[in-house]
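Undergrad: Sending over a structure as structure tokens; questions will come in a sec.
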Amino acid sequence: MQKNTKDGMGGMAEEVGPGKFLRNLHTGYTDVPEHLKGFGGLHGGLALGLVVEAMREHAGERELVSVTGRFGRAIDSPFRVVTAPGHTGRSSSTVSGRVESERGTLLDSWAVFAGESGDVSWPVVEFPIPEVPGPEECEKFAIPKEFVPISTSMEIRPVGSSRPYAGGQEAELVAWVRLVEDDLPPDAPRFVLLMDALAPSYSAVLSTLAFVPTVEITVRPGAGLAKASSPWLLLRATTRQAGPSGWSSEWIDAWGPDGTHLGSAQQLRMVRGG
């Protein structure tokens, strides 16, 4: 098996941030950097962001409309990203992708990219930003790196009193998030990564530690993402439905500091005992 070594991507001679990692994944197999892991394997949002970045080979300059990732196993061994073009039409195109290792496929993905919109300008509908203090007015929230190593690459500033595993009354988490390695605004791959930055919102009603991994995630960037100028995103993650079997459905919205709605995501999660 040939592994990538350029820029430390194979042997990870230096710890690169997730933003740089997204931009520099090469062909062939790549080691999973320890500092970019989530729960036991490569952070899920980062993995899906890598697939989106690789899809550009087939999508060209078309903007991402929607991407879905379905996780089968933790990405905890050398992996590679494989993509393939699907249907290409005037109004949209599709691309499929996967993350695979010697064990088989670990993540399946498919995406829709926008084509020509014509001369018509349709009415815009956006979800308004909640009334919250800015990131500079909120305190940092540190997640132990032993629990989620990639958290050291992110700055998280919660809004309100809700916290993971605090036994609260509402399954919701609201926080400002950004990558700490630079001040770049999010492009599509980085947006996909950051939409998976918060702890599961369902954990806000739990009082004991339990893993709530992602089984499936769909991210849909909004029209405002192309004009984003700040590295900060306000995320509001809410569990809309959860049953006694442990399956839960989560909705996430994102805004920029100027109030522009940047997009949304949905996650299907399943609780596993600690």
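The values are calculated or read from the model by the stated rules, or taken from the named source; none is laboratory data. Being a predicted model, the structure only gives us computed values, none of them experimental. Please note: Cβ atoms are built from the backbone with ideal geometry, for glycine as well, and neighbour counts cover all protein chains shown.
Undergrad: Of the residues Ala204, Ala166, Ala254, only one is part of a helix (DSSP H, G or I) and over 19 Å from Arg70 (Cβ atoms); which?
TA: Answer to the check: Ala204.
Undergrad: Quick one: Ser230 ticks every box in (1) outside any strand (DSSP E or B); (2) more than 20 Å from Ile129 (Cα to Cα) except a single one, so which number is it?
TA: (2)
Undergrad: Then there is this: Only one of these is under 14 Å from the mean Cα position of the chain (by Cα), at negative phi and not assigned by TED's automatic domain parsing to the domain that holds Gly44: Asp258, Asp253. Name it.
TA: So the residue among Asp258, Asp253 that is under 14 Å from the mean Cα position of the chain (by Cα), at negative phi and not assigned by TED's automatic domain parsing to the domain that holds Gly44 is Asp253.
Undergrad: Based on this model, can you work out whether Ser248 counts as closer than 16 Å to Pro200 by Cβ, among the small types (Gly, Ala, Ser) and at pLDDT 95 or above?
TA: Here the answer is yes, as Ser248 does meet what is asked.
Undergrad: With respect to Thr68, determine if the residue is within 15 Å of the chain's Cα centre (by Cα), among the β-branched types (Val, Ile, Thr) and surrounded by fewer than 19 Cβ atoms within 10 Å (Cβ to Cβ).
TA: Yes.
Undergrad: From Arg80, Arg73, grab the single residue that is crowded, with 19+ Cβ neighbours inside 10 Å and charged (D, E, K, R).
TA: Matching residue, one of Arg80, Arg73: Arg80.
Undergrad: Moving to a separate point now. Quickly run through the stretch 240-274 and pick out the residues that are in contact with a Lys or Arg (Cβ under 8 Å, 6 or more places away or on another chain), closer than 27 Å to Asp108 by Cβ and polar (S, T, N, Q).
TA: The answer is Ser248, Ser249, Ser264.
Undergrad: May I ask you to verify whether Leu107 is touching a Phe, Trp or Tyr at 6+ places or on another chain (Cβ under 6 Å) and aliphatic (A, V, I, L, M)?
TA: Criteria met by Leu107.
Undergrad: Out of the residues in the stretch 119-164 meeting the condition of being buried (at least 19 other Cβ atoms within 10 Å of the Cβ) and of a type in the set (Val, Ile, Thr), tell me which one is farthest from the chain's Cα centre (by Cα).
TA: Val159
Undergrad: Can you tell which of Phe141, Phe71, Phe127 is outside the structural domain of Lys20 (by TED's automatic domain parsing) and in contact with a Pro (Cβ under 8 Å, 6 or more places away or on another chain)?
TA: The unique qualifying residue is Phe141.
Undergrad: Then there is this: Answer yes if at least one residue in the stretch 106-118 is of a type in the set (S, T, N, Q), surrounded by 14 or more Cβ atoms within 10 Å (Cβ to Cβ) and not assigned by TED's automatic domain parsing to the domain that holds Ser248, and no otherwise.
TA: For the stretch 106-118, residues of a type in the set (S, T, N, Q), surrounded by 14 or more Cβ atoms within 10 Å (Cβ to Cβ) and not assigned by TED's automatic domain parsing to the domain that holds Ser248: present.
Undergrad: Suppose the filter is assigned to a helix (DSSP H, G or I), among the basic types (Lys, Arg) and either free of Cβ contacts under 8 Å to residues at least 60 places away in the same chain or crowded, with 21+ Cβ neighbours inside 10 Å (or both); does Arg240 pass it?
TA: Taking the combined requirement at face value, the residue does not satisfy it.
Undergrad: Restricting the stretch 202-217 to residues that are surrounded by 18 or more Cβ atoms within 10 Å (Cβ to Cβ) and under 24 Å from Ala111 (Cα atoms), which is modelled with the lowest pLDDT?
TA: Going through the qualifying residues, I end up with Thr214.
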